[in-house]
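The values are calculated or read from the model by the stated rules, or taken from the named source; none is laboratory data. Worth saying up front: this structure is predicted, and the values here are computed from it rather than measured. Remember, those area values only see protein heavy atoms, side chains included, never the ligands or the DNA or RNA. Shrake-Rupley method; radii C 1.70, N 1.55, O 1.52, S 1.80 Å.
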Amino acid sequence: MSYTIIGILLAAVVILLISGTSSKLFGLALKGSVRLILGVFLLFLFNVVGALAGLHIPINAATAVLVGVLGIPGIASLAAIQYFLL
């Protein structure tokens, strides 16, 4: 199943490259991917350090996107929600 999805996505990328889609679209996708990966890494670091204080933020798509877009304020807001509300 997953190989089918990967194949479809790869075929779509090749078709877009051949058809002459602007590189701005790919640059935007690359920037978003890098920010998402950075968000996951920052959440991981927070969970390692936050374990000392008893804080844990689950790493999932929503939290990774939030931290990827907002950066450090995103981690602070998630930590505040975790500490005060949950």
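Helices in the chain, meaning DSSP H runs of at least 4 residues, each add -39500 (n - 2.57). Divided by all residues, the mean residue ellipticity at 222 nm is -27000 deg cm²/dmol.
Extension gain for the segment Leu70 to Leu52, taken as residue separation times 0.36 nm less the Cα-Cα distance, is 4.1 nm to one decimal. Starting from the Cα gyration tensor of the chain, take the square roots of the eigenvalues, sort them a ≥ b ≥ c, and report rounded, prolate or oblate (rounded when a/c is under 1.5, otherwise prolate if a/b is larger than b/c, else oblate). Since a/c reaches 1.5 and a/b is larger than b/c, the shape of the chain is classed as prolate.
By its C-alpha gyration tensor, with a ≥ b ≥ c as the square roots of the eigenvalues, how is the range 28-71 shaped: rounded for a/c under 1.5, else prolate for a/b larger than b/c, else oblate? Prolate shape, in that a/c is at least 1.5 and a/b is the bigger ratio.
Measure off, as a whole percent, the carbon and sulfur share of the 1.4 Å-probe accessible area of the chain, all protein chains present. Carbon and sulfur together cover 80 percent of it. When only Cα pairs below 8 angstrom with a gap of at least 6 residues are kept, the range 29-86 shows a relative contact order of 38 percent. Taking all protein chains into account, the per residue accessible area for the chain stands at 75 Å² (1.4 Å probe).
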